[in-house]
Amino acid sequence: MTMSARNDAWADALVGLSNCLRHPDRAVQETLENEPDALAELLERVGIAPDDPPPVSGRNLTEDYEALFGALATPFAPPAASPYKEWYGDRSGLMGGPPAAAMQRRYDALEATVPEAYPPDHVALQLQYASLLAEAGEWDELAAFVETELDWIDAFAALTDRAAAQAPIHRWCVEQLVAAIERLRSELDAAGPDEAQVERMVDRASTHAEG
């Protein structure tokens, strides 16, 4: 694979994951119903072999999303970095922590607007940003971003496993996200969190996620 093809393949895979983990809308619903293998095909281009996605026909994806990620059911899995990461001094909270401020600065530098429905450190927006780095071939910056900003994904996956909601397609998307991050860490020689770090992040987020 040429460098340009690698850039494009990873950019497309990260955008596909971003779309899978953003608030569902008609476009997302139609893609998942009419092109169920679209994301799997993008992931295969970067060396990931996902299981077949679960069907979405007959499911209310908005309810599934809100139940799994938005506290419609508890416990749930917050889909943004702030609940998992250290805050300022001895403070802690659900949204608006240092990761959100850092992502806001990145989007401000791009003169891009963060959608009102999302915190700046929402997983979909972080993946969108990572896709821009991949597309530009900024692999050193992407490695640093994966290591320092996407280190919460393992804890996010752990809380997804514990969550009450079924939400099969969103659970599948989180599984593919974990595979993609592991693949990126390997390709970029980026460190992931150790077991103790993951557990601390799980503990922080759990104080908000268990109702």
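Summary table
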quantity: Subset of the range 1-21 (residues that are in a loop (DSSP other than H, G, I, E, B) and free of Cβ contacts under 8 Å to residues at least 60 places away in the same chain); calculated: M1, T2
quantity: Residues within the range 135-147 that are open to solvent by less than 70 Å² (accessible area, probe 1.4 Å) and in a helix (DSSP H, G or I), tallied; calculated: 6
quantity: Residue selected from the range 158-198 under the condition free of Cβ contacts under 8 Å to residues at least 12 places away in the same chain and not in a loop (DSSP other than H, G, I, E, B), by the criterion least open to solvent (accessible area, probe 1.4 Å); calculated: A196
quantity: Elements of type helices (runs of 4 or more DSSP H) contained in the range 22-80, each with 3 or more residues being closer than 22 Å to L150 by Cα; calculated: 38-44, 61-69
quantity: Hits in the range 199-211 - residues which are polar (S, T, N, Q) and surrounded by fewer than 17 Cβ atoms within 10 Å (Cβ to Cβ); calculated: T207
quantity: Filtered residue count, the range 106-119, keeping only those that are surrounded by fewer than 10 Cβ atoms within 10 Å (Cβ to Cβ) and in a helix (DSSP H, G or I); calculated: 1
quantity: Long-range neighbours under 7 Å by Cβ, at least six apart or interchain, first residue surrounded by fewer than 16 Cβ atoms within 10 Å (Cβ to Cβ) within the range 31-56, second in a loop (DSSP other than H, G, I, E, B) and at pLDDT below 95; calculated: E33/V56; E33/S57
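The values are calculated or read from the model by the stated rules, or taken from the named source; none is laboratory data. Remember, it's a predicted structure, so these values are computed and weren't measured experimentally. Reconstructed Cβ throughout: ideal geometry from the backbone, glycine too, with neighbour counts over all protein chains shown. Quick note on the areas: whole protein, heavy atoms, side chains included, nothing else; ligands and nucleic acids left out. Shrake-Rupley method; radii C 1.70, N 1.55, O 1.52, S 1.80 Å.
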